[in-house]
Amino acid sequence: MINLEELTTATKTEANRLGFNHVGIAPALPVPHYHTFLQWVEEGNHADMGYMAREDTLAKRGNSSLILEDCQRLICLAMPYARPKISASDCPPGKGKISAYAVTRDYHEVIWDRLGQLEDFIHAHAGDDVNTKSYVDTGPILERSYASKAGLGIAGKNSCLIIKGFGSYFFLAEILINLPLPIDQAFKRDLCGTCQRCIEACPTGCIRGDYTIDGGNCISYLTIENKGIIPDHLKPLVGNWVFGCDVCQTVCPHNAWTPEQNLVLGEPRLPECLDLIELFNLDEDQFTSKFQETPPLRAKRVGMLRNAAVVLGNQQFQPALSILRSALEIEKDPALLDACSWAIWQIEGTK
Ligand code: B12
Ligand code: SF4
Ligand code: SF4
């Protein structure tokens, strides 16, 4: 007979050892904000992220037992990453800003590995009859809401989960389990109050004020998830961001100071300010080798070049004209071609 209290304590200690600095247990009940999420999708805030609106994933986000039979608990985990050292406006002309989470090794792979180790630990102590399933980011789970139910923290107006005293520079992950582990108290305190800093600072004005954002207008979406043309009215608002965006977290007072933490993602592999002309000079193989195992690989070469062209256009960076013109001759992707010709117009208009 397993002692669930002991198993929970041991699992939390092991999770901490593996780099998950915050751990909590939530019941596998639908989260209260499930309906907020459904409405968010209904209104089209997921833009072209079709996986968010698929019938099967919609149902799973409301019912974890559709993912793991007889799921009883979610072990919610948070792993910190290093805060940005510079802001986007500090990137000099010709360079573009990469968001803080993306300069190290891709967190999905590192966290998958750690989740696997934690699952092995659970099975070693609870037996192989216990069923578990783990996710980081890509699963049909409302990760922020469950983390809040597990007592880790609460969503701010920028919709990011804030852990009191530690800020929001965290990745979330969870292990679903069919055991009735003792649950933690939900975090209920609002951490925003009358603050509106993120709403005022968001370059595209996509923070709606109801603890959700308009996904299709978020720079993170435009530069990472979006595979098509960046609309003309949004291109100037992308500013210097070549991959992702941290503005709503940088201005948040909860991130003003965070304690030293154990960071398992390792040293940065990429500079925070990426040389954009150099980027244009990489062929597919060189691109893959430069961004190997880092998040920008997900945006692929054409996606990163599209973003780079928009940034160069925003900077009206004259030395980029020839590389942008030759990209127009060689490249084929419509969104990249659109961004290059837009950028040329921005630059030539300043002559
Ligand atoms: C789709 C997605 C995106 C989309 C849409 C983001 C969004 N805010 O909806 C885009 C591409 C824009 C995006 C961007 C980013 N993302 Co993202 N993304 C996701 C994903 C896959 C789903 C999020 C989702 O369901 N959105 C729908 C909305 C409605 O749900 P929600 O954001 O979770 O909001 C909940 C709360 O706001 C709460 N809520 C609702 N009303 C209220 C009211 C009150 C009072 C309260 C307290 C709460 C509350 O309920 C909502 C529904 O559960 C999650 C992983 C996952 N499976 O959950 C990662 C995730 C949210 N992303 C993450 C990260 C790191 C980012 C970026 C910081 C990356 C970057 N630097 O560029 C930005 C941040 C942008 C932002 N301000 O949210 C982390 C967030 C960690 C954290 N501390 O919160 C996650 C959890 C991935 C992970 N496993 O670590 N992302
Ligand atoms: S990530 Fe940037 S664009 Fe997206 S909500 Fe935050 S500040 Fe706005
Ligand atoms: S900046 Fe202010 S309003 Fe926005 S999430 Fe942080 S505390 Fe909340």
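The values are calculated or read from the model by the stated rules, or taken from the named source; none is laboratory data. Keep in mind it's a predicted model, so treat the numbers as computed, not measured. With ideal geometry, Cβ positions are generated from the backbone for all residues, glycine too; neighbour counts draw on all protein chains shown. Side chains are part of the model used for accessible areas, which takes the heavy atoms of the whole protein and leaves out ligands, DNA and RNA. Shrake-Rupley method; radii C 1.70, N 1.55, O 1.52, S 1.80 Å.
Determine ³J(HN,Hα), in whole Hz, for all residues of the range 79-95 in sequence, where each value follows from phi through the Karplus function 6.51 cos²θ - 1.76 cosθ + 1.60 and θ = phi - 60°; x replaces Gly and Pro.
10, x, 10, 5, 5, x, 9, 9, 9, 4, 5, 7, 6, x, x, x, 10
How much accessible area per residue does the chain have, in Å², with a 1.4 Å probe?
45
Given H placed on each backbone N at 1.01 Å, which residues far from ALA155 in sequence or on other chains put an amide H within less than 5 Å of it?
Amide H neighbours of ALA155, under 5 Å, 5+ apart: ILE162.
Once every DSSP H run of n ≥ 4 in the chain is given -39500 (n - 2.57) and the sum is divided by its residues, what mean residue ellipticity at 222 nm do you get, rounded to the nearest 500 deg cm²/dmol? Could the numbers behind the result be given before it?
Numbers: 13 runs with 124 residues, N = 351.
About -10000 deg cm²/dmol.
Please give the FRET efficiency for HIS125 paired with SER341, using the beta carbon to beta carbon distance and R0 = 45 Å, rounded to the nearest 0.05.
About 0.15, to the nearest 0.05.
List, in order, the whole-Hz ³J(HN,Hα) value for each residue of the range 175-184 obtained from phi through the Karplus relation with A = 6.51, B = -1.76, C = 1.60 and θ = phi - 60°; use x for Gly and Pro.
Going residue by residue, I get 10, 7, 9, 9, 10, x, 4, x, 8, 9 Hz, with x marking Gly and Pro.
Which angle between 0 and 90 degrees, to the nearest 10, do you get for helix 334-348 versus the longest principal axis of the chain when only C-alpha atoms count?
Rounded to the nearest ten degrees, it is 50.
Taking θ = phi - 60°, what integer Hz values does the Karplus form 6.51 cos²θ - 1.76 cosθ + 1.60 yield along the range 240-251, in sequence order, with x for Gly and Pro?
Once θ is set to phi - 60°, the couplings for the range 240-251 become 9, 7, 9, 7, x, 7, 10, 3, 5, 8, 5, 7 Hz.
Would you mind working out the magnitude of the charge dipole of the chain relative to its Cα centre, with +1 at each Lys and Arg C-beta and -1 at each Asp and Glu C-beta, to the nearest 20 Debye?
920
Spin-label point model (7 Å from Cα, Cβ direction): what's the ARG269 to GLU109 distance in nm?
0.5
So between ASP56 and TYR34, what do we pick up on full extension, going 0.36 nm a residue minus the alpha carbon distance? Kindly include the intermediate steps, with their values, before the conclusion.
On the way: separation 22, 0.36 × 22 = 7.92 nm, distance 1.46 nm.
Computed gain between ASP56 and TYR34 is 6.5 nm.
Counting only protein heavy atoms and a 1.4 Å probe, tell me what percentage of the chain's accessible area is made up of carbon and sulfur.
Whole-percent figure for carbon plus sulfur exposure: 51.
Distance check, please: which entries in LYS85/LYS300; LYS97/LYS157; LYS12/LYS290; LYS60/LYS149; LYS149/LYS300; LYS133/LYS157 exceed 28 angstrom between their Cα atoms?
Violating the 28 Å limit, Cα to Cα: LYS12/LYS290; LYS149/LYS300; LYS133/LYS157.
Can you tell which of GLN261, THR250, LEU276 lies farthest toward the positive end of the dipole of the range 232-282, using +1 and -1 charges on the Cβ of basic and acidic side chains (Lys, Arg; Asp, Glu)?
THR250
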